[in-house]
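The values are calculated or read from the model by the stated rules, or taken from the named source; none is laboratory data. Predicted model only: the values in this text are computed from it and were never measured. Cβ atoms come from the backbone with ideal geometry, glycine included; neighbour counts cover every protein chain shown. Areas reflect the complete protein model, heavy atoms only, side chains present, ligands, DNA and RNA absent. Shrake-Rupley method; radii C 1.70, N 1.55, O 1.52, S 1.80 Å.
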Amino acid sequence: MRTRLFVAGVPKPVLVSGLVWAFWHIPLILSGRYASGVAQVSAMLFVIGTIADAYLAAYVRLRSGSVWPAVTYHGAWNAIIQGTFDRSFVGTHLAIGESGWLTATIAFIVVLFITRGIWKLQARPGQPLILPSARYSSTLTV
């Protein structure tokens, strides 16, 4: 989806993909099936953390030209956050866990340091992402 947002000329395509990814999960969070604690607070923290995660996933996808680094990142995130943290820190989910304030804050800080600068956009490894829109080139400054 992310590369198609670029090709379509959608403004702030990485942010838009993060919002889509976050709001895909919101019904499960608000129903109490996906996160713990106060559902509205959990949903807000999840959106913030997911937008940060979207930038990291976009960075590894677009820099590498392959979906596999992003798939691996997402799988590792789920295994560590949901598999380890959620089970280890029962009762502290507003701080630790997928919709925890500490998790969202650390994800945001990490993304600021790792993804800033100029991104070289690749459709596939070694193949620049060709965008028909004059709004973008094969690089993106974040």
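Quick notes
- Screening ILE81 on (1) closer than 18 Å to ILE26 by Cα; (2) open to solvent by less than 20 Å² (accessible area, probe 1.4 Å); (3) under 13 Å from the mean Cα position of the chain (by Cα) shows it passes everything except condition (3).
- Looking only at the range 107-120, residues that are at pLDDT 75 or above and either exposed (fewer than 15 other Cβ atoms within 10 Å of the Cβ) or not in a helix (DSSP H, G or I) (or both) come to 6 in all.
- Filter pass, LEU28 being hydrophobic (A, V, I, L, M, F, W, C) and without any contact (Cβ under 8 Å) to a residue 12 or more places away in the chain: yes
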